[in-house]
Amino acid sequence: MRSPLHAPAILALLAVAGLPGPAPAADPAPPSGQRSHVFSDAAGGERSYYVALPANYDRSKRYRLVMVFAGTDTRGREMHEWFGAGWRPPQVVGLEPRMHDTVFVYPDQAYAWGDVAGWALGPKARPYDGWHDIRFAEELLAQAERDYSIDTERVFATGHSWGGDMAAVVGCYLGAHFRAIAPVAANRPYWFGSPTSDGDCTGMPAVWTFFGRDDDHFGDASPDGLFGEEHDAFWTARQQCSRDYDRSGETRVYRGCKTGVRFTLYAGGQYSGGGGLRDHQPPDYFLQALSQWLYAF
């Protein structure tokens, strides 16, 4: 009985006969949508996240990466549907259609404090302290750089509410990995200690803080946007900005900063999406303004 011919032998015979061989297999599509991966024990082991890729993704190109952190009891997929798509398209268009050459990664929360899920915000954030989510973010960035063609000089972070807290935290503890961050409606920066200290921060990402003057989640605890002003004071001090700034609408653009600091203290009534706590949500112009700013890097 003759031995069956294996693929190398078949290809050799085709070459001798001058016949074309089989077409090479196409590269498999890169993983997207809802994903999970087993990270280190320090990062929480098996964790999940959502990935949105640009249309016509091409491995030969380099793409920006934006990591978007979800707020309290919110999953990455929901942030993809809110920040990514926009909250009233086509009137309010999301980040993904505006940033067509960008990979978006939306991490999922894994830890609960009482009856709410949120992020562990580093060693000084009692009762929401711990390193595990910072390690998760760091390892997830490394995983994304393995899975996708990422321009590592153009990696960004943003997030809303508790996710805004997390965007600020990674901008400090993992700042060397990020070109710029944009925390939105974050709590006061208690996770940097009292008084706040930038002694544990790395790198120097540019920062654009968004906060509501009449934020109805924090209420009387943050009169006239106090928590946002505290963020502004932290980042301008860290970046050694001049206290002089140029004003563009509701936004201060500080002068003399190492890499750039902006602060938007937005008035209420500018969010047209659904749900409650409407002045805790960003203004409709936020998605356009953020995408334009990120494109400047």
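The values are calculated or read from the model by the stated rules, or taken from the named source; none is laboratory data. Predicted model only: the values in this text are computed from it and were never measured. Counting neighbours? That spans all protein chains shown, and the Cβs are built from the backbone with ideal geometry, glycine included.
Residue by residue through region 173-188, note down the ones that are closer than 14 Å to residue 231 by Cβ and surrounded by 24 or more Cβ atoms within 10 Å (Cβ to Cβ).
Scanning region 173-188 gives 181, 182, 183, 184, 185, 186.
Restricting region 22-53 to residues that are in contact with an Asp or Glu (Cβ under 8 Å, 6 or more places away or on another chain) and at pLDDT below 95, which is farthest from residue 78 (Cα to Cα)?
In this case the residue turns out to be 30.
Look at region 204-250 and say how many of its residues are part of a strand (DSSP E or B), over 21 Å from the mean Cα position of the chain (by Cα) and within 21 Å of residue 291 (Cα to Cα).
3
Out of curiosity, is residue 270 polar (S, T, N, Q), assigned to a loop (DSSP other than H, G, I, E, B) and in contact with an Asp or Glu (Cβ under 7 Å, 6 or more places away or on another chain)?
Spelling it out, residue 270 is indeed polar (S, T, N, Q), assigned to a loop (DSSP other than H, G, I, E, B) and in contact with an Asp or Glu (Cβ under 7 Å, 6 or more places away or on another chain).
Just the residues that are surrounded by 22 or more Cβ atoms within 10 Å (Cβ to Cβ) and farther than 18 Å from residue 154 by Cα, please, taken from region 54-81.
Matches in region 54-81: 70, 71, 76, 79, 80.
Those residues that are over 26 Å from residue 115 (Cβ atoms), in a strand (DSSP E or B) and of a type in the set (Ser, Thr, Tyr), I need them from region 48-79; list them, please.
Matches in region 48-79: 63 only.
If you scan region 80-104, which residues turn out to be among the aliphatic types (A, V, I, L, M), outside any loop (DSSP other than H, G, I, E, B) and within 23 Å of residue 151 (Cα to Cα)?
Listed by number, the residues that qualify are 95, 103.
Being among the acidic types (Asp, Glu) and closer than 20 Å to residue 75 by Cβ narrows it down to one residue among 129, 151, 133, 216; which is it?
Among 129, 151, 133, 216, only 133 is among the acidic types (Asp, Glu) and closer than 20 Å to residue 75 by Cβ.
Of all residues in region 74-100, which are of a type in the set (Asp, Glu) and touching a helix residue (DSSP H, G or I) at 6+ places or on another chain (Cβ under 9 Å)?
Passing the criteria: only 96.
Exactly one condition in (1) without any contact (Cβ under 8 Å) to a residue 40 or more places away in the chain; (2) β-branched (Val, Ile, Thr); (3) in contact with a Gly (Cβ under 7 Å, 6 or more places away or on another chain) is not met by residue 169; state its number.
Result: residue 169 fails condition (1) only.
Restricting attention to region 153-190, which residues are acidic (Asp, Glu) and assigned to a helix (DSSP H, G or I)?
165
Say whether the condition of being buried (at least 20 other Cβ atoms within 10 Å of the Cβ) and within 26 Å of residue 97 (Cβ to Cβ) is met by at least one residue in region 211-225.
yes
Do any residues in region 269-297 that are without any contact (Cβ under 8 Å) to a residue 60 or more places away in the chain and farther than 15 Å from residue 161 by Cβ have Cβ atoms under 8 Å from those of residues that are assigned to a helix (DSSP H, G or I) and of a type outside the set (Lys, Arg), where the two are at least six apart or on different chains, and which pairs are they?
Sorted first by the residue in region 269-297, then by its partner, the pairs are 269/279.
So in region 91-116, with the set limited to residues that are surrounded by fewer than 17 Cβ atoms within 10 Å (Cβ to Cβ) and touching a Phe, Trp or Tyr at 6+ places or on another chain (Cβ under 8 Å), which one is modelled with the lowest pLDDT?
It comes out as 113.
Say whether the condition of being under 30 Å from residue 276 (Cα atoms), of a type in the set (Ser, Thr, Tyr) and either buried (at least 23 other Cβ atoms within 10 Å of the Cβ) or in contact (Cβ under 8 Å) with a residue 40 or more places away in the chain (or both) is met by at least one residue in region 239-249.
Checked region 239-249: no residue is under 30 Å from residue 276 (Cα atoms), of a type in the set (Ser, Thr, Tyr) and either buried (at least 23 other Cβ atoms within 10 Å of the Cβ) or in contact (Cβ under 8 Å) with a residue 40 or more places away in the chain (or both).
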